[in-house]
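Presented below is the structure to which this report refers.
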Amino acid sequence: MKNLSSKVYQYAFINLGEAFKRFFSFGMLRKQGLGKRPRFKKKSKSDSFTIDNCGKPIELNGWSHKLPFIGIVKTYEPIEATTQKITISRQAGDWYLSCSYEFTPTSTPKTTEVVGVDLGIKTLATLSTGEVFESVKPYKKAQNKLAKLQRKLSRKVKHSSNWYKAVVKLAKQHRRVANIRKDALHKLTTYASLEPRHCCHRRFECVWYVSQP
């Protein structure tokens with residue numbers, strides 16, 4: 001514990017306090033809180049910690065960054081930002097850096113006043129302009145590979161070194177499926193928000209009927 005910064009423990013208790021505030025935030029018309037009851041954060045699941053520079057700003061320039069209490073770290077993409085605190089998390093064996101910073105947004109010229117979005121089942125979405133966004137279906141395409149990795153994992157001795165390696169490989173494949181799904185949604189929302197001034201969507205509740213014999 002002496003090797004870690006005190007900021008790691010301070011932000012852990014701050015986040016726990018905010019979680020309990022949301023859980024106990026009852027109102028006159030709200031019987032439940034804004035969030036669920038905080039659960040114990042198990043090791044190796046959702047690993048993350050937050051650090052700051054004791055009130056001083058943290059400068060992020062290029063690919064290499066000097067973080068307080070850690071040192072020089074390299075990122076996959078260049079970052080140009082000035083922030084007060086940084087959260088570092090681990091997903092499927094890889095480390096990610098997240099931060100918030102201020103910037104001046106630039107407005108884009110709008111060619112369409114209003115566009116409607118119809119979310120479908122066979123297709124991802126259909127716009128009122130006639131454009132159709134096909135569903136990517138990443139899980140269906142990766143089912144065979146996921147099944148193969150799952151079988152390899154089941155044959156390993158639990159908690160052995162080879163078992164942990166198989167767990168990371170399976171987690172990376174699941175993360176790839178999730179990233180493909182997020183990428184398709186981001187592309188759709190970005191396209192629908194850049195062109196028109198207003199965006200409207202229609203939603204239906206799907207009900208499946210089973211005929212009685």
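The values are calculated or read from the model by the stated rules, or taken from the named source; none is laboratory data. Computed from a prediction, not measured in an experiment: that's the story for all the values here. Neighbour counts run over all protein chains shown; Cβ positions are idealised from the backbone, glycine included.
Some values worked out for this structure:
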| read-out | value |
| --- | --- |
| Cβ-Cβ under 6 Å pairs, at least 6 apart or on other chains, segment 51-65 side within 13 Å of SER100 (Cα to Cα), far side among the charged types (D, E, K, R) and at pLDDT 90 or above | ASP52/LYS85 |
| Residue match in segment 26-35 (condition: closer than 28 Å to HIS174 by Cα, touching a helix residue (DSSP H, G or I) at 6+ places or on another chain (Cβ under 9 Å) and not assigned by TED's automatic domain parsing to the domain that holds GLN173) | yes |
| The listed residue being under 20 Å from the mean Cα position of the chain (by Cα) and exposed (fewer than 11 other Cβ atoms within 10 Å of the Cβ), out of SER48, SER44, SER98 | SER44 |
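The rows are residues; the columns are (1) of a type in the set (Phe, Trp, Tyr); (2) in contact with an Asp or Glu (Cβ under 9 Å, 6 or more places away or on another chain).
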{"position": "VAL114", "(1), (2)": "no, no"}
{"position": "ASP118", "(1), (2)": "no, no"}
{"position": "LEU127", "(1), (2)": "no, yes"}
{"position": "LYS141", "(1), (2)": "no, no"}
{"position": "LYS148", "(1), (2)": "no, no"}
{"position": "ARG151", "(1), (2)": "no, no"}
{"position": "HIS159", "(1), (2)": "no, no"}
{"position": "TYR164", "(1), (2)": "yes, no"}
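The rows are residues; the columns are (1) in contact with a helix residue (DSSP H, G or I) (Cβ under 7 Å, 6 or more places away or on another chain); (2) at pLDDT 85 or above; (3) not in a helix (DSSP H, G or I).
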site	(1), (2), (3)
GLU113	no, no, yes
PHE133	yes, yes, yes
TYR164	no, yes, no
ALA178	no, yes, no
LEU188	no, yes, no
TYR191	no, no, no
